[in-house]
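Read the structure below first, then the notes.
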Amino acid sequence: MTDVSGSSQARRSREVAAVVLAAGQATRMGEQKLLLPVGERPMVRRVVDAALGSRAARTIVVVGHESDAVLAALDDAPVIVTMNPDYADGMSTSLQAGLRASAARCDAAIFLLGDQPYVTATLIDEIIDRFVSTGAAVVRPAVCGRPANPVLIGSELFPEILEQRGDVGGREIVERHSEEVSLVSVDDPHVCVDIDSPQDYEATREST
């Protein structure tokens with residue numbers, strides 16, 4: 001006989017780590033964009049606060065470029081900080097640094113971009129809830145049917161992340177496992193906006 005209550009309890013007890021990627025050089029912006037103010041807080045602090053306000057078991061912040069300034073913006077936030085000394089080698093190194101700080105203690109990681117200042121704790125929780133209820137290997141939001149960030153990746157795919165090299169995120173892994181992706185529909189596209197350039201920054205500020 002299958003122990004349904006036991007399997008349900010196992011799903012409910014799954015732990016998800018929030019990994020905030022804040023190590024990049026922001027070459028398209030031309031300055032440290034993560035410190036730019038959005039509202040009354042630096043961009044990266046808004047992302048971290050959303051993670052801390054969610055049901056994620058812990059929040060890891062991966063720093064690299066201008067790490068002292070980024071950490072100063074986080075002030076006394078109760079996060080786990082991990083340094084990525086190889087940040088210049090691309091996004092893959094930051095994903096790996098985040099996993100090394102959390103993989104042994106979580107069933108999945110939700111990767112948050114430090115330049116998505118409008119992401120909310122509610123969206124993070126919806127993604128985590130979908131993972132807990134379905135056990136999907138990948139969960140991500142979809143705006144008008146189009147996949148967006150942040151992306152949750154289950155621990156069964158962590159080895160593939162650790163094998164990546166260069167300036168790649170999780171896109172290839174997600175595409176390789178496209179049949180295992182669960183999409184969470186998002187009504188407000190603003191929460192998934194990421195800021196890559198001065199034009200993006202001004203546009204998002206004008207829209208709020």
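The set of residues in segment 49-83 being under 15 Å from residue 32 (Cβ atoms), of a type outside the set (Val, Ile, Thr) and either at pLDDT 95 or above or not in a loop (DSSP other than H, G, I, E, B) (or both) consists of 64, 66, 67, 68, 69, 71, 72, 73, 74. In a residue-by-residue description of segment 120-131, the property of being farther than 20 Å from residue 93 by Cα, in contact (Cβ under 8 Å) with a residue 12 or more places away in the chain and part of a loop (DSSP other than H, G, I, E, B) applies to at least one position. When residue 108 is tested against the conditions (1) in contact with a Lys or Arg (Cβ under 6 Å, 6 or more places away or on another chain); (2) buried (at least 20 other Cβ atoms within 10 Å of the Cβ); (3) farther than 19 Å from residue 43 by Cβ, the lone failure is (1). Considering 43, 1, which residue is of a type outside the set (S, T, N, Q), surrounded by 18 or more Cβ atoms within 10 Å (Cβ to Cβ) and either under 25 Å from residue 96 (Cβ atoms) or at pLDDT below 90 (or both)? The conditions single out 43. Of the residues making up segment 53-76, those that are under 17 Å from residue 15 (Cα atoms), surrounded by fewer than 18 Cβ atoms within 10 Å (Cβ to Cβ) and either touching a strand residue (DSSP E or B) at 6+ places or on another chain (Cβ under 9 Å) or acidic (Asp, Glu) (or both) number 2.
The values are calculated or read from the model by the stated rules, or taken from the named source; none is laboratory data. What you are looking at is a predicted structure, and each value in this text was computed from that prediction instead of being measured. For neighbour counting, all protein chains shown are included, and Cβ atoms are generated from backbone atoms with ideal geometry for every residue, glycine included.
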